[in-house]
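FYI, it's all coordinate maths here, none of it is from the lab. Note that the structure is a prediction, hence the values are computed from the model and not measured. With ideal geometry, Cβ positions are generated from the backbone for all residues, glycine too; neighbour counts draw on all protein chains shown.
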Amino acid sequence: MKKISIIVSCYNEEESLPLFYEEVTKVMDSMKDNTFELLFVNDGSKDNTLDLLREFSKKDNRVRYVSFSRNFGKEAAMLAGLDYSTGDYVTLMDADLQDPPFMLPKMLKVLENESLDCVGTRRVTRKGEPPIRSFFARMFYKIINKMSKIEMVDGARDYRLMTRQMVNSILECREYNRYSKGLWSFVGYETKWLEFENVKRVAGETKWSFWKLFRYAVEGIVAFTTVPLTIAAFLGIFFCLIAFFFILVIIFKTLMWGDPVGGWPSLACIIIFVSGIQLFFMGIFGEYLSKTYLETKKRPIYIVKETEK
Ligand code: UDP
Ligand code: MG
């Protein structure tokens, strides 16, 4: 009998957790050919999430939990879940039922019948999401897929069922700046996608502001491609060529007609433009440098304060 670990990261999810637990136990009870481990990761919630988890684990011996000393973010929570999981198959779900647990039996069937390493899920619609957010999300996937060799699937959720072998490969990536959407593809393995319609959060509120998502997108780009650095280099060469051309033009003009002081407005424009570009790319270098800086400190990615035992 194969054991399935269901990892659920929770941050202030007291409202959704009871609903989630009810749904997921229904699914677990229906899958008689498997044993389960329901592993919650409490990512430093400030509400009653931890009490709920203690309660669940007391009455249900399939439930385990790992509780952080503070909020470390969903990426850290997912890593901790993978670290602590013991199942032959591992899946990750959100606590807000946006990753429908009822898809699990089908995912398992596909995984086993087609002997794949991973069955992922992707949203085919972004219904219920602000249009501006969908627009930027689409743009992000277009840009990052152009720049990076690692393929990132638009609409792919972190909700996926993986074999132990794939999980172990992911666990070998111990980087501090984690971007799982890229890591899943980075480790390779054969993945098949099941599609579903976007579901709204059952209760509570999303923890992702637009700014947070923007930072996350930048993180993804910095973590999986160095193309922006190359663009900077090429742009540098391009501007040098233009400058060289202008020097020739100016020398020629001065020699022919002599006009020593004219042209200062254009000069001001050029200086502002070029220094803007320089600052912009310095910002990009800074982004890479800061990630390198954080990486070299080798701080723990998460700190566990309490587990179920
Ligand atoms: N989450 C977390 N740590 C955080 C933020 C979110 O563990 O710092 C969890 C959250 O409890 C939920 C999942 O990550 O189970 C997805 O979060 P959310 O629903 O807010 O994101 P969205 O679905 O809106 O992208
Ligand atoms: Mg959600």
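Here are a few things to note about the model shown:
- Compared with the alpha-carbon gap, the fully stretched path from Lys305 to Lys59 is longer by 86.4 nm at 0.36 nm per residue.
- Measuring nothing but how far apart in sequence close Cα pairs (under 8 Å, 6+ apart) lie, relative to its length, the chain scores a relative contact order of 22 percent.
- Taking all C-alpha pairs of the chain, those more than 34 Å from each other amount to 34 percent.
- Under a model in which nothing but the beta-carbon of Lys, Arg (+1) and Asp, Glu (-1) is charged, the stretch 57-183 shows a dipole of about 420 debye around its Cα centre.
- Here the relative contact order of the stretch 1-130, from alpha carbon pairs under 8 Å that lie six or more residues apart, stands at 34 percent.
- Applying both filters, DSSP loop and at most 10 other Cβ atoms within 10 Å, to the GluC sites (Glu not before Pro) of the stretch 75-127 gives Glu114.
- Positive-end residue of Ile250, Tyr302, Val274, charge dipole of the stretch 244-309 with Cβ unit charges: Tyr302
- Entries in Lys46/Lys106; Lys3/Lys291; Lys106/Lys181; Lys74/Lys149 that, when Cα-Cα distance is taken, lie over 31 Å: Lys46/Lys106; Lys3/Lys291
- Using Cβ point charges alone (K and R +1, D and E -1), the dipole size of the stretch 159-244 about the Cα centre works out to roughly 300 debye.
- Only the Cβ atoms of Lys and Arg (+1) and of Asp and Glu (-1) were treated as charged; on that basis the dipole of the chain about its Cα centre amounts to roughly 420 debye.
- In the stretch 127-215, Cα pairs under 8 Å separated by at least six residues give a relative contact order of 36 percent.
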